[in-house]
Amino acid sequence: MINLDKIIDLFMFREGTEEDDYSTKPVVTTGSIVWGVLFRFAIIMLVSLSLMHYIDWKFYWWTVFIAIWFFVAYPANRQYEQFYTRMDKFEEETLCGSCKYFSPTGQLCTMYDEHVSKTHIPCDGESWEPKQFS
Ligand code: SF4
């Protein structure tokens, strides 16, 4: 069944609240940003194609690029920067953030394949290993 909230999240590039950032079901991950980009890009393409018979694209082709910039690229980039700022904070404040099994792109523990949060540490700290710094 289609989850309407998820579709709206993808469409809105929902930035998430403090709670969203650190819950075990993060609203924003790099995957959600990529889906948002694809979803919005598809909408622009569908709208452009549906207007093909009414607009002479020879003169207005540039409007598609402007739409892609303002509706897809800029909001996605902004969301991406904010997501990484939040993940930096998460890495500083949590045990999982300093573990080598932590993947910030999905706020995920790669060993247990679960989202982690400030209050949810799947291994209870027993599998923690320090990150390798080069
Ligand atoms: S192994 Fe444990 S400490 Fe490390 S990321 Fe996974 S749950 Fe967190």
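Remarks
- Annotation note: Cβ proximity below 9 Å between a residue of the stretch 108-134 that is among the small types (Gly, Ala, Ser) and a residue that is near the ligand (Cβ under 7 Å from one of its atoms) and assigned to a loop (DSSP other than H, G, I, E, B) (sequence gap 6+ or interchain) occurs for 125/95; 127/101; 127/111; 127/112.
- Residues of the stretch 78-91 classified as in contact with a helix residue (DSSP H, G or I) (Cβ under 9 Å, 6 or more places away or on another chain) and over 16 Å from residue 117 (Cα atoms), total: 2
- Some residue of the stretch 28-39 being in contact with a strand residue (DSSP E or B) (Cβ under 9 Å, 6 or more places away or on another chain) and either modelled with pLDDT of 85 or more or assigned to a loop (DSSP other than H, G, I, E, B) (or both): yes
- Boolean, residue 48 is without any contact (Cβ under 8 Å) to a residue 60 or more places away in the chain, within 13 Å of the ligand (Cβ to nearest atom) and surrounded by 12 or more Cβ atoms within 10 Å (Cβ to Cβ): no
- Screening the candidates 102, 90 for the property of being surrounded by 15 or more Cβ atoms within 10 Å (Cβ to Cβ), modelled with pLDDT of 90 or more and under 18 Å from the mean Cα position of the chain (by Cα) yields one hit, 102.
- Note on the stretch 51-134: enclosed helices (runs of 4 or more DSSP H) holding 2 or more residues that are within 25 Å of residue 36 (Cβ to Cβ) and within 16 Å of the ligand (Cβ to nearest atom) are 74-93.
The values are calculated or read from the model by the stated rules, or taken from the named source; none is laboratory data. Just so we're clear, the structure is a prediction, and the values are computed from it rather than from any experiment. Because the Cβ atoms are built from the backbone with ideal geometry, glycine has one as well, and the counts that use them run over all protein chains shown.
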